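Data block below; observations after.
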Amino acid sequence: MLIAVVPDPDGPGGRLGRHSSGELRHVPDLAAEIAALEVAEQPRWVWTSTADVYPPLLRAEVRVARCHDLELTEALLSGHAGRWGEPRGLAAAVARLRGLPVPPDRPRPDAEPPGFAQVALFDAVPAGRVEISDLLEVYEEQARRIGETGHPGRFRLLVAAESAGALIAAEMGHTGLPWRPDVHDELLRELLGPPQPMGPPRRLAELTAEINAAFGTHGLHPDLPAEVVRAFHRAGIEIPNTRRWVLRQIDHPAVAPLLEFKELYRIWTAHGWAWCEAWVRDGRFRPEYVAGGVVSGRWATRGGGALQVPKVVRRAVIADPGWCFVVADAGQLEPRVLAAVSEDGRLARAAAAGDLYAALATDSFDGDRAKAKIALLGAMYGQTGGDAIPALAVLRRHYPTAFEYVEAAARTGEAGGLVRSWLGRTCPPASGAWRDAGLDPPDEVAPPPGRARGRFTRNFVIQATAAEWALVLLATLRTRLAGTEAELVLFVHDEVVVHCPADQAESVVEAVRESALSAGRLLFGDTTVRFPLDVSVVGAYADAK
């Protein structure tokens, strides 16, 4: 891994540095030099991968303000050129520059829970011999390619936000989310019963018996979807899978205990006693976040499941004594993004209201908020049947510009073309299930069969842009909180959680709201669309709105 220092456009100067994995140095010495440069020159650090370089610096108590992550940028540029998924490491980028065979990226090891041995700074072996000149050459080539995109200014913002997100992801993993193991144990016992020496806890065993009785069978394992599908088949009910939205449409006595089993089984296996023992240390849960980990630009995790903590388990997320959580959630974000990117004036006026669906209902759906919501979600997710049909007809007639925006993205996808987010993130050339791509439709909209590619691209242009707005908010908030005691401790799609001293909560709330306004202006300029936040100040995460 190589690091260079380049002048930051907003800073007073800078210089090029030379630090190479081939020239291992004593970590404290290198960290001290980086810290000194950070204060004196306000540089933008250029390095191969924030996920590799930054955690060791954080363990040495060094934080940086800005960076340019070459690997993340290379991935964005490759996708923009229609070569989504090609190797993005420095060695691969250098090989492409010189017309040489492109080596694959080295595999990343699985994340280890906190408390395991950590690698020293720059311990990893680089994929091929690379020099500091290679790093700078790739950096300059990336700047040239960014300038050749359709909207260079937007793409530069995307690269800056993606790199800032990687810094934040590493910092949140290092800081950790406050977590009370004793409260976690109490709630698990309340939900599941006490842990057993072998096998599932008592409540899961009881539900298993209820499910078997409902089917009139013995030995059915409700944690195995194939067995459940076959059981319903024997009962004369055909289902494609055992997802919750499918099961809720079935009238059968096994459905209620099966839904409860699925929820509790997930808690037991994903966030049960074994999880807490492995991932919570010194009162903090420290997962490894992956910035841009899914194709829409949303984050993922490589361990710990921080982005999918069930609401009931959040009762164990309790602020430190004298501290609190500021929890901010962007309401109706994707419909507001559609109004902004499509520049549909009528929809934008509705999106200037606090409740977009209510404004939409008053304007075009005879006051029926539920119908307005179904129409807008149906347009974004490709719903074509049921109650959506008449609602979509109203939407098409009253908001033709917004409707055509997502329709055009769907047509492009069905024809095998590429679509882009507002800032320039490009969809993959092909996709598996949209849930695997991170494009989860809400419960109100069941995905219809067929035309999967069009449904994917239809929503990609909206969800990927929503992810950009949230990431810009987060990066802006990080800057506003710099120098304070407040800690960014969680970021889930369009929700951000700050842990701060209770007497600083008011200033943090103001910083969050100002960051949301800045994110809207940075992405969309002078738009009437509002991006309101539901902000709560709570002592426990579960108490947030």
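The values are calculated or read from the model by the stated rules, or taken from the named source; none is laboratory data. Computed from a predicted model, the values in this text were never measured in an experiment. Here the Cβ positions follow ideal geometry from the backbone for every residue, glycine too, while neighbour counts run over all protein chains shown. To get the accessible areas, we keep the full protein, side chains included, count just its heavy atoms, and leave off ligands, DNA and RNA. Shrake-Rupley method; radii C 1.70, N 1.55, O 1.52, S 1.80 Å.
Apart from one condition, Glu227 fits all of (1) out of contact with any His (no Cβ under 8 Å at 6 or more places or on another chain); (2) open to solvent by 20 Å² or more (accessible area, probe 1.4 Å); the exception is (1). In this structure, is Ala339 modelled with pLDDT of 95 or more and not β-branched (Val, Ile, Thr)? Considered against the rule, which asks whether it is modelled with pLDDT of 95 or more and not β-branched (Val, Ile, Thr), Ala339 comes out as yes.
For region 331-344, indicate whether the set of residues that are out of contact with any helix residue (DSSP H, G or I) (no Cβ under 9 Å at 6 or more places or on another chain) and free of Cβ contacts under 8 Å to residues at least 60 places away in the same chain is non-empty. No, there is no match, as no residue in region 331-344 is out of contact with any helix residue (DSSP H, G or I) (no Cβ under 9 Å at 6 or more places or on another chain) and free of Cβ contacts under 8 Å to residues at least 60 places away in the same chain.
Looking only at region 231-247, decide whether some residue is touching a Ser or Thr at 6+ places or on another chain (Cβ under 9 Å), surrounded by 14 or more Cβ atoms within 10 Å (Cβ to Cβ), over 27 Å from Leu187 (Cα atoms) and among the small types (Gly, Ala, Ser). Among the residues of region 231-247, at least one is touching a Ser or Thr at 6+ places or on another chain (Cβ under 9 Å), surrounded by 14 or more Cβ atoms within 10 Å (Cβ to Cβ), over 27 Å from Leu187 (Cα atoms) and among the small types (Gly, Ala, Ser), which makes the answer yes. Every test in (1) surrounded by 21 or more Cβ atoms within 10 Å (Cβ to Cβ); (2) closer than 18 Å to Cys324 by Cα is passed by Ala464 save one, and that test is (2). Residues in region 401-445 that are open to solvent by 40 Å² or more (accessible area, probe 1.4 Å) and polar (S, T, N, Q) were compared, and the one that is modelled with the highest pLDDT is Thr401.
For the structure I just gave you, tell me whether Asp69 is open to solvent by less than 10 Å² (accessible area, probe 1.4 Å), modelled with pLDDT under 80, touching a strand residue (DSSP E or B) at 6+ places or on another chain (Cβ under 9 Å) and on the phi < 0 side of the Ramachandran plot.
It is false that Asp69 is open to solvent by less than 10 Å² (accessible area, probe 1.4 Å), modelled with pLDDT under 80, touching a strand residue (DSSP E or B) at 6+ places or on another chain (Cβ under 9 Å) and on the phi < 0 side of the Ramachandran plot.
Could we say that Leu77 is modelled with pLDDT under 95 and part of a helix (DSSP H, G or I) here? Here the answer is no, as Leu77 does not meet what is asked. Among the residues in region 320-332, are any surrounded by fewer than 20 Cβ atoms within 10 Å (Cβ to Cβ), modelled with pLDDT of 95 or more and part of a helix (DSSP H, G or I)? Within region 320-332, none of the residues are surrounded by fewer than 20 Cβ atoms within 10 Å (Cβ to Cβ), modelled with pLDDT of 95 or more and part of a helix (DSSP H, G or I). Being aliphatic (A, V, I, L, M), surrounded by 23 or more Cβ atoms within 10 Å (Cβ to Cβ) and in contact (Cβ under 8 Å) with a residue 40 or more places away in the chain is a property that does not hold for Leu356.
When Val125, Val94 are checked against the criterion of being of a type in the set (A, V, I, L, M), modelled with pLDDT under 95, over 22 Å from the mean Cα position of the chain (by Cα) and open to solvent by 60 Å² or more (accessible area, probe 1.4 Å), Val125 stands alone in meeting it.
Looking across region 317-336, not a single residue is under 25 Å from Leu188 (Cβ atoms) and of a type in the set (Lys, Arg). A residue that is modelled with pLDDT of 95 or more, among the β-branched types (Val, Ile, Thr), part of a helix (DSSP H, G or I) and in contact with a Ser or Thr (Cβ under 9 Å, 6 or more places away or on another chain) can be found somewhere in region 140-158.
Here the condition is being of a type outside the set (Phe, Trp, Tyr), more than 19 Å from Ile168 (Cβ to Cβ) and either surrounded by fewer than 20 Cβ atoms within 10 Å (Cβ to Cβ) or in contact with an Asp or Glu (Cβ under 9 Å, 6 or more places away or on another chain) (or both); of Gly305, Gly345, it holds for Gly345 alone. Of the conditions (1) open to solvent by 60 Å² or more (accessible area, probe 1.4 Å); (2) free of Cβ contacts under 8 Å to residues at least 40 places away in the same chain; (3) not in a loop (DSSP other than H, G, I, E, B), His218 clears all except one; give me its number. Only one criterion is unmet by His218, namely (3).
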